[in-house]
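The values are calculated or read from the model by the stated rules, or taken from the named source; none is laboratory data. These numbers were taken from a predicted model, which means no experiment stands behind them. Cβ placement follows ideal geometry from the backbone for every residue including glycine, while neighbour counts extend to all protein chains displayed. When the accessible area is computed, the model is the full protein with side chains, heavy atoms only, and any ligands, DNA or RNA have been set aside. Shrake-Rupley method; radii C 1.70, N 1.55, O 1.52, S 1.80 Å.
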Amino acid sequence: MKNKFLLCVNNQGYEASLELRKLYENVPDKEVERHGQVRIIDESGEDYLYSATYFAPVKLLTETKNRILEKV
């Protein structure tokens, strides 16, 4: 997934780490993507691997992406 941000659509089993309907930053990692996973910065503030099926791609305007990243 090449999207910088992904929307959580399933958090079953990861309720403490992922919030439903929340945008998460996707850290590009081609190796894990080949295995159907994504690297996400979760609620702990650290990046972890999750199944890509837990997320939906989201298209954001460049201005919106920039404003989100300013806060990081």
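Computed quantities for the displayed model
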quantity	calculated
Share of Cα-Cα pairs in the chain lying beyond 14 Å, as whole percent	57
The chain, dipole about Cα centre (Lys/Arg Cβ +1, Asp/Glu Cβ -1), debye to the nearest 20	400
Cα-projected label distance for Glu31 with Ile68, points at 7 Å along beta-carbon direction, nm	2.6
Helix-only [θ]222 nm of the chain, DSSP H runs n ≥ 4, -39500 (n - 2.57) each, per residue, nearest 500	-4500 deg cm²/dmol
Per residue, in Å², the accessible surface of the chain once ligands and nucleic acids are set aside, probe 1.4 Å	71
Length released on extending from Ser17 to Lys59, taking residue separation times 0.36 nm less the Cα-Cα span	12.8 nm
